[in-house]
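The values are calculated or read from the model by the stated rules, or taken from the named source; none is laboratory data. Not measured: the values here are computed from a predicted model. Here the Cβ positions follow ideal geometry from the backbone for every residue, glycine too, while neighbour counts run over all protein chains shown.
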Amino acid sequence: MDFQMTVLRALVRPRSRFIFLFVSLSVIGVFAAAQRLAAQGAADPATSLNASFTTTAKPFFEKNCLGCHKGDAAPAALRVDRLTGALQEQEMETWERVYRRVANGTMPPAAARQPSAAERQQMVAWMDHAFAVARTRPTPKNGLVRRLTVAQYRNTIRELLKLEDDVAEALPPDALSKEGFLNNQELLELSPQLMNSYFEVGDRALSRVITDPG
């Protein structure tokens, strides 16, 4: 009887060790796969923007805009055939012109085939997101223009124009330094796109306080 139990233990122990090793490796494998998926989900914003340009903006242009707005003879010198998902600085003026025309419904022109309301809304939403990404990217280190924080800009408008409305809410939030401050000079860079946002907020504020007596 003792001999049989010894043999049984000898057979069970290796199997138990094998099962433990198998379960451990399986858990490690699942954890590694989860990390890979998390890394893929947290893709670089610029990479994600280029990918979404291919699936959203480019098809919209091909369907509604490239019939006219391409090449050197494009109406109003508005070419969309050279636009990319990178939203480089030299493209931003063109992107803003496209945004205004798509958002207010003047492009495509009334006589042309029109995108559906859902397509137009999707394109406007994509450009809103693209502009938000463009505002957050670092600017070239060729000197530094220290801008007002959002709170400082809001307070300046309130003091100058006696306007209580928070027209600065459309501005992206200020970056927080590692010390916990919002007024860190190195983080208060002013890119061309962000400057346009500040101008737009200023125009909106002025339109609320200036009346046309005519």
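Tabulated values for the structure
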read-out: Residue match in segment 75-82 (condition: of a type in the set (Val, Ile, Thr), modelled with pLDDT of 80 or more, touching a Lys or Arg at 6+ places or on another chain (Cβ under 8 Å) and closer than 20 Å to Met127 by Cβ); value: yes
read-out: Tally of residues being surrounded by fewer than 18 Cβ atoms within 10 Å (Cβ to Cβ), outside any loop (DSSP other than H, G, I, E, B) and over 23 Å from the mean Cα position of the chain (by Cα) across segment 62-84; value: 4
read-out: Single unsatisfied condition, Val124 versus (1) under 19 Å from Tyr198 (Cα atoms); (2) within 18 Å of the chain's Cα centre (by Cα); value: (1)
read-out: Leu49 being part of a loop (DSSP other than H, G, I, E, B) and either at pLDDT 90 or above or within 21 Å of the chain's Cα centre (by Cα) (or both); value: no
read-out: Selection count where residues are acidic (Asp, Glu) and at positive phi, scope segment 56-92; value: 0
read-out: Sole residue being in contact (Cβ under 8 Å) with a residue 40 or more places away in the chain and in a helix (DSSP H, G or I), chosen from Val133, Val124; value: Val133
read-out: Output for segment 158-170, where each listed residue is assigned to a helix (DSSP H, G or I), over 27 Å from the mean Cα position of the chain (by Cα) and of a type in the set (A, V, I, L, M, F, W, C); value: Leu160, Leu161
